[in-house]
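J.: Handing you a structure now.
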Amino acid sequence: MSLINFVLVSPRIQPNQLFKAIENVISSEKISEAITSSKSLERRNRNLPTHVIVVLVIAMSFWSSYGIVAVFKNLIGGLAEKYITLQIRLKTPTSSSITEARQRVGPRVMTRLFELIVRPLATPFTQGAFLNGLRLMAVDGTVFDVPDTEKNAKVFGYPGTRPGTKAAFPKVRLVLLVEAGTHLICDALISPYKMGERVRVRKLLRSVNSQMLLMWDRGLHSFKMVKSVLDKKCHFLGRMPKNVKFEVVKTLSDGSYISWIAPDRKSKKKGAKRIPVRIIEYVIEEKGKDVVYRLITDLMDVEKFPALLLAKEYHSRWEVENTLSEFKTYLNGRRTKVRSKKPREVIQEIYGWLLAHYSIRCLMFRAATEANLPPLRLSFTGCLRVVQQAIPKFQKITENENYLFFSWLITEMMSEIIPPRQNRSNPRVVKKTRCKFKKAKPIHRGNGSNYQTLTFNSIKAVA
């Protein structure tokens, strides 16, 4: 029996056809607005218009282990199934066509879409998201590898190494502002590796307000950070390094004390004055030893914010580390996290990656609210699989079935409950630390040997 022949057709995809599953988060109207405001609209009809490329860049993180052509096939999987009964097969663009389209679109539309969509979502009724009326926020930074190309190296730079050696990959630095109670990334900034976290994090203060409590780790402590946060009328709670000393001005009833933080040399020349702060000291046992933790804050009300409460709540700052784990490990499982070989496409891809994480966490927040659970009690990887399954399903439904299938999606996420966290900590160790192969160096690139033709000669004839 001969196979049925299919007609190969280039798909004409409308803006509202691909992302119906996450339309409540990233709507086609917002995508169109971002395209218009960033002046990224194509000038003629194309097989890969701008709105398709925007969705494709976000989808690259949903199927991070797939090649770009396979990502496109998964993205239009539902549309392709609708045409099977009509004996029509949708044509898939080549990887080079997709690359050219991404270069044409550029990164500006992705940054604009990120600005239009991301925002904190927790309400005062969200469990673990507020402390006495203040929204819990945290800032931190991370770095990751980008492909080792000349252009990426020129823009982003290599980390420092021993004399006579060179790092394997250029690195990008990313600083994040995270809502601690929901793991929503509310602002982000990309920079070259050699630009420090302290400088870049202060740029994220554009997104804080007086109703927030901003937390940071000791590596970000500085007078400029404290002053910048207070200039935004935001409250803060941060850890301090061991070498920073404070004078005890007044001891409070809960054991904390009032002190002040002095300006650094540059700030002092600009007329900055010392700032009154509150210092909280407490002890935690680590590996059988007592370790002193010191926190700095502007919250002076001892009755409303006692020292013990702030010390306990500060450890929710580690939710930013869990967010980075979701972002870098579970959403994107690639060893080299970014696949783009040019800087503009690197930035474009990272913002698509951020939007993918935000969309999943938004849906998880909705599911947790419906189930009356903390948003952190739902499995991120489980909900990621639900979204992967839902994207093609939603492409096959009619407009009247949208709410029915959206209810199914949220219900599926509600079933991805994980047990409460155990009161324990794990050491930062791995079982296997070394590889049997030698380290790759730049001289090894392109030096593979060619295949050789095998020949067989008779050494000794059998009598």
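The values are calculated or read from the model by the stated rules, or taken from the named source; none is laboratory data. The model shown is predicted, which means the values in this text are computed figures rather than measured ones. Neighbour counts are summed over all protein chains in view; Cβ atoms, including those assigned to glycine, are modelled from backbone coordinates with ideal geometry.
J.: Just the residues that are over 20 Å from the mean Cα position of the chain (by Cα) and either surrounded by fewer than 19 Cβ atoms within 10 Å (Cβ to Cβ) or closer than 15 Å to ASN322 by Cβ (or both), please, taken from the stretch 372-391.
T.: The answer is ASN372, LEU373, PRO374, GLN389.
J.: Only one of these is touching a helix residue (DSSP H, G or I) at 6+ places or on another chain (Cβ under 9 Å), without any contact (Cβ under 8 Å) to a residue 24 or more places away in the chain and more than 19 Å from ALA21 (Cβ to Cβ): THR85, THR50, THR92. Name it.
T.: The conditions single out THR92.
J.: Taking only the stretch 338-371 into account, find how many residues are closer than 29 Å to THR99 by Cα and within 15 Å of the chain's Cα centre (by Cα). So that I can check it myself, show each step before the final result.
T.: Kept after step one, since they are closer than 29 Å to THR99 by Cα, are these residues of the stretch 338-371: 338-361.
Then drop every residue that is not within 15 Å of the chain's Cα centre (by Cα), which leaves 338, 346-361.
Number of matching residues: 17.
J.: If ILE31 satisfies all but one of (1) closer than 29 Å to PHE6 by Cα; (2) among the hydrophobic types (A, V, I, L, M, F, W, C); (3) part of a helix (DSSP H, G or I), what's the number of the condition it fails?
T.: Tallying (1) closer than 29 Å to PHE6 by Cα; (2) among the hydrophobic types (A, V, I, L, M, F, W, C); (3) part of a helix (DSSP H, G or I), ILE31 fails exactly one: (1).
J.: Another question, if that's okay. Give me the pairs, please: first residue somewhere in the stretch 198-223 and over 22 Å from ASN243 (Cα atoms) and touching a residue at least 12 places away in the same chain (Cβ under 8 Å), second residue anywhere and of a type in the set (Asp, Glu) and in a strand (DSSP E or B), beta-carbon distance under 7 Å, and either six or more positions apart or on two chains.
T.: LEU204/ASP187; SER207/ASP187
J.: Restrict the check to the stretch 177-185 and report whether at least one residue is free of Cβ contacts under 8 Å to residues at least 40 places away in the same chain and not β-branched (Val, Ile, Thr). Give the derivation first.
T.: Keep residues of the stretch 177-185 that are free of Cβ contacts under 8 Å to residues at least 40 places away in the same chain, which gives none.
No, the stretch 177-185 contains no residue that is free of Cβ contacts under 8 Å to residues at least 40 places away in the same chain and not β-branched (Val, Ile, Thr).
J.: I'd like to check something: does the stretch 38-45 contain any residue that is more than 23 Å from LYS337 (Cα to Cα), surrounded by fewer than 18 Cβ atoms within 10 Å (Cβ to Cβ) and modelled with pLDDT of 90 or more? Explain how you work it out, then say what you get.
T.: Keep residues of the stretch 38-45 that are more than 23 Å from LYS337 (Cα to Cα), which gives 38-45.
After this cut, where a residue has to be surrounded by fewer than 18 Cβ atoms within 10 Å (Cβ to Cβ) as well, the list is 39, 41-45.
Retained after the next criterion (residues that are modelled with pLDDT of 90 or more): 39.
Checked the stretch 38-45: at least one residue is more than 23 Å from LYS337 (Cα to Cα), surrounded by fewer than 18 Cβ atoms within 10 Å (Cβ to Cβ) and modelled with pLDDT of 90 or more.
J.: If you don't mind, there's one more thing I want to ask. Using beta carbons and a limit of 9 Å, which pairs, at least six apart or on different chains, have the first residue in the stretch 139-164 and charged (D, E, K, R) and the second one exposed (fewer than 13 other Cβ atoms within 10 Å of the Cβ) and in a helix (DSSP H, G or I)?
T.: Between residues of the stretch 139-164 that are charged (D, E, K, R) and residues that are exposed (fewer than 13 other Cβ atoms within 10 Å of the Cβ) and in a helix (DSSP H, G or I), the close pairs are ASP148/PRO442.
J.: To continue, here is another question. Test TYR358 against the stated conditions and say whether it is within 30 Å of TYR158 (Cα to Cα), of a type in the set (Phe, Trp, Tyr) and touching a residue at least 40 places away in the same chain (Cβ under 8 Å).
T.: Yes, satisfied.
J.: Also: Taking the stretch 226-266 only, how many residues are in a helix (DSSP H, G or I) and buried (at least 16 other Cβ atoms within 10 Å of the Cβ)? Talk me through it step by step, then tell me what you get.
T.: As a first pass, look at the stretch 226-266 and keep what is in a helix (DSSP H, G or I): 226-231, 265-266.
Remaining after also requiring buried (at least 16 other Cβ atoms within 10 Å of the Cβ): 226-229.
Going through the stretch 226-266 one residue at a time, the tally reaches 4.
J.: Further question on the same structure: Say whether the condition of being touching a strand residue (DSSP E or B) at 6+ places or on another chain (Cβ under 6 Å) and at negative phi is met by at least one residue in the stretch 21-34.
T.: Within the stretch 21-34 (the criterion being touching a strand residue (DSSP E or B) at 6+ places or on another chain (Cβ under 6 Å) and at negative phi), the answer is no, since none of the residues qualifies.
J.: Right, here's the next one. Taking the stretch 317-360 only, how many residues are surrounded by 20 or more Cβ atoms within 10 Å (Cβ to Cβ), of a type in the set (S, T, N, Q) and in a helix (DSSP H, G or I)?
T.: 3
J.: State all residues of the stretch 291-336 that are among the β-branched types (Val, Ile, Thr) and over 27 Å from the mean Cα position of the chain (by Cα); if no residue qualifies, say none.
T.: VAL291, VAL292, ILE296, THR297, VAL302, listed by residue number.
J.: Right, next: Quick check on my filter: what residues within the stretch 369-394 are free of Cβ contacts under 8 Å to residues at least 12 places away in the same chain and under 17 Å from ALA129 (Cβ atoms)?
T.: Listed by number, the list holds a single entry, ASN372.
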